[in-house]
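Q: The structure is given below, and queries will be raised subsequently.
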Amino acid sequence: MRYQVIIVEDEMFTLRELKETINWENLGLNLIGTANNGKAGEVLIKELNPDIVITDIRLPGQDGLEMLEKAPVQGAIILSGHTNFSYTRKAIQLGVFDYLPKPIDDEELERTLLKLTKKLDEENQEIAKFKNEEQMLTLKTEVNNLSISTVIEYIFNNYNKPITLSQMADLVSLTESHLSTVFKAETDMGFLQYLTAVRINKVCELMKNPKLNITEIALSCGFPTPGYFTKIFKRYLGQTPSEYRDKL
């Protein structure tokens, strides 16, 4: 799969360098657009729906992090000559993949892009398992199997944290394969689908509060990045989180 990339950078020399020196073709990427300020970047992201955004932090109009908060993507890389801790902390909260210093090291950026595309490949393999069926949000919580009941209780109490099948297998002293088989038999849903549905349900509940930001809600419910959350949400409910909230 060839991922689509947008660059948001107000320094024209840096923007030209990125466009001309990075071997986008060999990386399996398509550079589909550029913007030179945060407002234009936000509009471009919403219009073209890229997989990856490479952006500076300090931009005219609005900074790069504010832009990503309003227009989340699955993969984001920050380029900046500033090492302000508050920027770094917010970038982590927004699920930014990496934070690279200026001046740009082309080889380092290409290595980072390769790592990011590998991560996106893995995420998209998981997304592809889900079906656009609203009934997936109807969950069985009462089961006869004690081990599965324990796992379900753990998921509901810890959905905001990373949870893996391996962790749950250790929790109930079963092999991953056996737990996976029994879990699906008891709940009519795979383990990962169930976990994600719990998180989606919680997101939908929290989105009823207009004071809460969608990105903050997604991250607080256990989704690693806003872009990944948006893709999963649309896969489950057939609409973006913003479209869903507008109908509430």
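Q: Only one of (1) of a type outside the set (A, V, I, L, M); (2) at pLDDT below 95; (3) over 29 Å from Lys70 (Cα atoms) fails for Thr215. Which number is that?
A: Among (1) of a type outside the set (A, V, I, L, M); (2) at pLDDT below 95; (3) over 29 Å from Lys70 (Cα atoms), Thr215 violates only (3).
Q: How about segment 184-204: which of its residues are part of a helix (DSSP H, G or I), within 26 Å of the chain's Cα centre (by Cα) and not β-branched (Val, Ile, Thr)?
A: Lys184, Phe191, Leu192, Gln193, Tyr194, Leu195, Ala197, Arg199, Asn201, Lys202, Cys204
Q: Sort out which residues of segment 43-60 are out of contact with any His (no Cβ under 8 Å at 6 or more places or on another chain) and surrounded by 21 or more Cβ atoms within 10 Å (Cβ to Cβ), and write them in order of number.
A: Leu44, Ile45, Pro50, Asp51, Ile52, Val53, Ile54, Thr55, Asp56, Leu59
Q: Same structure, new question: I'm trying to understand the selection: among the residues of segment 46-66, which are closer than 23 Å to Ser86 by Cβ and either in a helix (DSSP H, G or I) or in contact with a Phe, Trp or Tyr (Cβ under 6 Å, 6 or more places away or on another chain) (or both)?
A: Across segment 46-66, the qualifying residues are Ile57, Gly64, Leu65, Glu66.
Q: Does Phe233 satisfy the condition of being among the aromatic types (Phe, Trp, Tyr) and part of a loop (DSSP other than H, G, I, E, B)?
A: When the stated conditions are applied, Phe233 does not pass them.
Q: Inspect all residues belonging to segment 154-164 and state whether any of them is of a type in the set (Phe, Trp, Tyr), under 18 Å from Phe233 (Cβ atoms), assigned by TED's automatic domain parsing to the domain that holds Ile217 and in a loop (DSSP other than H, G, I, E, B).
A: Yes: segment 154-164 contains one or more residues that are of a type in the set (Phe, Trp, Tyr), under 18 Å from Phe233 (Cβ atoms), assigned by TED's automatic domain parsing to the domain that holds Ile217 and in a loop (DSSP other than H, G, I, E, B).
Q: Identify, from the list Thr150, Thr181, Thr117, Thr138, the residue that is within 17 Å of Thr225 (Cβ to Cβ) and polar (S, T, N, Q).
A: The conditions single out Thr117.
Q: Could I ask something else about it? Which residue pairs have Cβ atoms closer than 8 Å, lie 6 or more positions apart in sequence or on different chains, and pair a first residue in segment 88-116 that is at positive phi with a second residue that is surrounded by 17 or more Cβ atoms within 10 Å (Cβ to Cβ) and assigned to a helix (DSSP H, G or I)?
A: Matching pairs, first to second residue: Gly95/Leu219; Gly95/Pro226; Gly95/Gly227; Gly95/Tyr228.
Matching residues to (1) aliphatic (A, V, I, L, M); (2) within 20 Å of Glu110 (Cα to Cα):
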position: Met1; (1), (2): yes, yes
position: Phe13; (1), (2): no, yes
position: Lys19; (1), (2): no, yes
position: Trp24; (1), (2): no, yes
position: Thr34; (1), (2): no, yes
position: Ala40; (1), (2): yes, no
position: Val43; (1), (2): yes, no
position: Leu48; (1), (2): yes, no
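Q: Determine if segment 97-109 includes at least one residue that is within 25 Å of Gln125 (Cα to Cα), in a loop (DSSP other than H, G, I, E, B) and within 23 Å of the chain's Cα centre (by Cα).
A: Yes, there is a match, as at least one residue in segment 97-109 is within 25 Å of Gln125 (Cα to Cα), in a loop (DSSP other than H, G, I, E, B) and within 23 Å of the chain's Cα centre (by Cα).
Q: Which residue pairs have Cβ atoms under 6 Å apart, sit 6 or more places apart or on different chains, and have a first residue in segment 199-226 that is over 19 Å from Leu137 (Cβ atoms) and a second that is of a type in the set (A, V, I, L, M, F, W, C) and not in a loop (DSSP other than H, G, I, E, B)?
A: Every condition considered, the pairs that remain are Leu212/Leu206; Pro226/Ala218.
Q: Ok, one more. Given Val143, Val151, which one is of a type in the set (A, V, I, L, M) and not in a helix (DSSP H, G or I)?
A: Val143
Q: A further question follows. Evaluate segment 241-248: report whether one residue or more is among the hydrophobic types (A, V, I, L, M, F, W, C) and either surrounded by 15 or more Cβ atoms within 10 Å (Cβ to Cβ) or assigned to a helix (DSSP H, G or I) (or both).
A: no
The values are calculated or read from the model by the stated rules, or taken from the named source; none is laboratory data. Keep in mind that this is a model prediction, so the values were computed, not measured. A quick note on method: Cβ atoms are made from the backbone with ideal geometry, for glycine too, and the neighbour counts reach across all protein chains shown.
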